[in-house]
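Asker: One structure, as structure tokens, below. Some questions next.
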Amino acid sequence: MTIEQVQQLIRPNILALKPYSTARDEYKGNIGIYLDANENPFENGYNRYPSTTLKAQVRSTIAQKKDVNPARLFLGNGSDEAIDLLFRIFCRPGVDNVISIAPTYGMYSVCAAINDIEYREVMLGQEFSLPVDELLGAADAQSKLLFVCSPNNPTANAFPYEQLITLVKQFPGIVVVDEAYIDFSSEPSMVELIDEYPNLIVLQTLSKAYGLAGLRMGIAFAHECIISVFEQVKYPYNIGADTLALAQRLLDVDITSQVQTIIAERERVAAALRELPYVIKVYPSDANFLLVKTERSRELYEYLIARELIVRDRTHTPGCESTLRITIGMPEENDRLIAELRARD
Ligand code: PMP
């Protein structure tokens, strides 16, 4: 798809938008007497709106880490903000539709409902395989977005790179690949393809492998013709001052060994759960959680809750009935989980 075709997917009112701009965006200096934003001048560390310079620094730190041009990434208040912005940028309420795999991350359908957008779900195939032809077949002229979460939440598997590329090449709208769990995966990220395919948007987050869920920072990687629209539609100062300062500091921490430990623990816990007589299946995982099939999912969920072990009950989720989704914790937490489940016959 060409850049011009991508631009035609943007809602006309968004293309015509005269965005809100702040004097801080316009003033490029570092120091000055700030009488522009109706702040309280008495210093307490938080009396000023977040620094746009610091935001640019965080953006360039992430760009360096990910080997991407800073103009090709948007920082959101969690990747949930980027998901909502996608609807507001591309989808006309009551007119357009989006397509998604199912089961998958719940916020795509919630954001679709909030924005009054038809949500077309295509069930995953055998062993949670990607239904490439069905996804393409579900599209029509009003299909603006296709959501593919890879590795997928809650099924835990990553989809083959080649299949994702086929979707990007053939889908007539924007393909959003949500890579929240990519750092735990054996499949490569698609970020490096954003230059080649202007209709590809890759979402990542600092909430998972980077261990910064409390900060609320997510990233959308895309061609700058899309990123510039994200920047116009977002709220002014969408990322708080603390979040920016902490992100800048904590992004330096090397997460490699933590990720390796989580992956090793994932395989250890999976092996232990497979031994349990009532476990039907532990699905292969490319993420930091396991999806476990057992006919006793609801009962086990309540049993674990009573022991202050909280997992996610997916018993009634179409496509993954009778399952629990279990996040990999610290080794001793995983030991507790295994011990409690072993004690339950
Ligand atoms: N995408 C997926 C697939 C997720 O599982 C989650 C959170 N569970 C998110 C996005 C949202 O992440 P964030 O914390 O960046 O908003």
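The values are calculated or read from the model by the stated rules, or taken from the named source; none is laboratory data. Just so it is clear, the structure is predicted and the values come from calculations on it, not from any experiment. Heads up, the Cβs are rebuilt from the backbone with ideal geometry, glycines too, and the neighbour counts pull from every protein chain shown. To get the accessible areas, we keep the full protein, side chains included, count just its heavy atoms, and leave off ligands, DNA and RNA. Shrake-Rupley method; radii C 1.70, N 1.55, O 1.52, S 1.80 Å.
Asker: Just to be sure before I move on: is P41 over 20 Å from A141 (Cβ atoms) and crowded, with 17+ Cβ neighbours inside 10 Å in the structure I sent?
Answerer: Criteria not met by P41.
Asker: For the stretch 315-342, enumerate the residues that are assigned to a loop (DSSP other than H, G, I, E, B), open to solvent by 40 Å² or more (accessible area, probe 1.4 Å) and modelled with pLDDT of 95 or more.
Answerer: Within the stretch 315-342, just M330 meets the criteria.
Asker: Yes or no: the stretch 236-250 includes at least one residue that is within 30 Å of A141 (Cβ to Cβ), touching a helix residue (DSSP H, G or I) at 6+ places or on another chain (Cβ under 9 Å), assigned by TED's automatic domain parsing to the domain that holds L135 and not hydrophobic (A, V, I, L, M, F, W, C).
Answerer: Within the stretch 236-250, not a single residue is within 30 Å of A141 (Cβ to Cβ), touching a helix residue (DSSP H, G or I) at 6+ places or on another chain (Cβ under 9 Å), assigned by TED's automatic domain parsing to the domain that holds L135 and not hydrophobic (A, V, I, L, M, F, W, C).
Asker: From the set of residues in the stretch 132-158 that are out of contact with any helix residue (DSSP H, G or I) (no Cβ under 9 Å at 6 or more places or on another chain) and either in a helix (DSSP H, G or I) or open to solvent by less than 20 Å² (accessible area, probe 1.4 Å) (or both), which is nearest to E187 (Cα to Cα)?
Answerer: If we take residues in the stretch 132-158 being out of contact with any helix residue (DSSP H, G or I) (no Cβ under 9 Å at 6 or more places or on another chain) and either in a helix (DSSP H, G or I) or open to solvent by less than 20 Å² (accessible area, probe 1.4 Å) (or both), then N153 is nearest to E187 (Cα to Cα).
Asker: Another question about this same structure. Tell me the residue from V122, V132 that is in contact with an Asp or Glu (Cβ under 8 Å, 6 or more places away or on another chain), without any contact (Cβ under 8 Å) to a residue 60 or more places away in the chain and more than 22 Å from Q204 (Cα to Cα), please.
Answerer: After applying the criteria, what remains is V122.
Asker: Could you look through the stretch 206-225, keep only residues that are open to solvent by less than 10 Å² (accessible area, probe 1.4 Å) and under 15 Å from L85 (Cβ atoms), and pick out the one that is nearest to the ligand (Cβ to nearest atom)?
Answerer: Among residues in the stretch 206-225 that are open to solvent by less than 10 Å² (accessible area, probe 1.4 Å) and under 15 Å from L85 (Cβ atoms), the one nearest to the ligand (Cβ to nearest atom) is G218.
Asker: Which residue pairs have Cβ atoms closer than 8 Å, lie 6 or more positions apart in sequence or on different chains, and pair a first residue in the stretch 280-300 that is free of Cβ contacts under 8 Å to residues at least 24 places away in the same chain with a second residue that is surrounded by fewer than 20 Cβ atoms within 10 Å (Cβ to Cβ) and part of a strand (DSSP E or B)?
Answerer: K281/K293; V282/K293; R298/D313
Asker: Let me ask something additional. Condition first: within 14 Å of K66 (Cβ to Cβ) and open to solvent by 10 Å² or more (accessible area, probe 1.4 Å). Now tell me which residues in the stretch 159-190 satisfy that.
Answerer: Passing the criteria: I182, D183, P188, S189.
Asker: So, S228, is that one hydroxyl-bearing (S, T, Y) and within 13 Å of the ligand (Cβ to nearest atom) or not?
Answerer: Answer is no for this residue.
Asker: Across the stretch 63-83, what is the total count of residues that are touching a residue at least 12 places away in the same chain (Cβ under 8 Å), in a helix (DSSP H, G or I) and more than 10 Å from the ligand (Cβ to nearest atom)?
Answerer: Result for the stretch 63-83: 5.
Asker: Among the residues of the stretch 138-174, how many are among the β-branched types (V, I, T) and within 15 Å of the ligand (Cβ to nearest atom)?
Answerer: Result for the stretch 138-174: 2.
Asker: What number of residues within the stretch 74-100 satisfy the criterion of being touching a Gly at 6+ places or on another chain (Cβ under 8 Å), within 11 Å of F230 (Cα to Cα) and either small (G, A, S) or open to solvent by 10 Å² or more (accessible area, probe 1.4 Å) (or both)?
Answerer: Qualifying residue count for the region: 3.
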